[in-house]
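Every read-out reported here was derived from the displayed coordinates using simple, explicitly stated rules and does not represent laboratory data. Remember, it's a predicted structure, so these values are computed and weren't measured experimentally. In this analysis, Cβ positions are derived from the backbone assuming ideal geometry, glycine residues included, and neighbour counts consider all displayed protein chains.
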Amino acid sequence: MAVLLVDVANVVGARPDGWWRDRAGAATRLLDRLAVLPGRTVPGPDGEPVTCEAVVAVVEGRARDVPAPAAVRVVRAPGSGDDALAAEAADLAADGRTVLAVTADRGLRARLPATARTTGPGRLLALLDEVSPAG
């Protein structure tokens with residue numbers, strides 16, 4: 001079981017679908033799609049199955065005030081989203097939770113606890129395309 005910790009800005013920015021015209025709207029759409037993942041077993045970064053026990057999504061900037069679906073815990077970064085995500089990963093790891101962080105940001109990945117696993121936005125978006133197609 002793992003907590004999926006999502007760098008929303010990084011994932012939204014990974015697909016050039018016009019997100020820059022409505023950052024909050026793009027974040028809302030991603031959060032809605034993430035809501036189907038808790039309780040699901042998905043392929044992990046190494047191909048081994050991982051059961052997603054919870055989704056925690058970090059939002060920042062113009063997306064900070066987006067609504068949160070009931071199945072997703074949203075962390076609203078007061079400043080840097082990277083700082084908030086690194087702190088959340090540390091808190092989860094300190095509580096003994098397994099963390100699977102989704103970001104392509106190498107600097108952020110280096111700040112995560114040693115026990116955290118990582119995967120990129122492309123892998124998450126491909127999974128979401130399978131289980132929760134964009135409308």
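Mean residue ellipticity at 222 nm from the helices of the chain, using -39,500 (n - 2.57) per DSSP H segment of n ≥ 4 over the full residue count, to the nearest 500 deg cm²/dmol? Before the final figure, lay out each step's value.
Details: 5 runs with 48 residues, N = 135.
That comes out to -10500 deg cm²/dmol.
To the nearest 20 debye, what is the magnitude of the charge dipole of the stretch 2-131 about its Cα centre, counting +1 on the Cβ of each Lys and Arg and -1 on the Cβ of each Asp and Glu?
Numbers: 16 positive and 17 negative charges, 44 e Å.
Using Cβ point charges on Lys, Arg, Asp and Glu, the stretch 2-131 gives about 220 debye.
In sequence order, what are the phi-derived ³J(HN,Hα) couplings for the stretch 4-9 according to the Karplus relation 6.51 cos²θ - 1.76 cosθ + 1.60 with θ = phi - 60°, rounded to whole Hz, with x for glycine and proline?
Rounded to whole hertz, the list is 7, 10, 10, 7, 4, 4.
Which translational diffusion coefficient, to the nearest whole µm²/s, is obtained for the stretch 28-101 from the Stokes-Einstein equation, given a Kirkwood hydrodynamic radius over C-alpha pairs, 4 °C and 1.567 mPa s?
Working: Rh = 13.2 Å.
Answer, rounded: 98 µm²/s.
Which option, (i) 151; (ii) 101; (iii) 114, is the value of volume of the Cα convex hull per residue in Å³ that was calculated from these coordinates?
Among (i) 151; (ii) 101; (iii) 114, the one calculated here is (ii).
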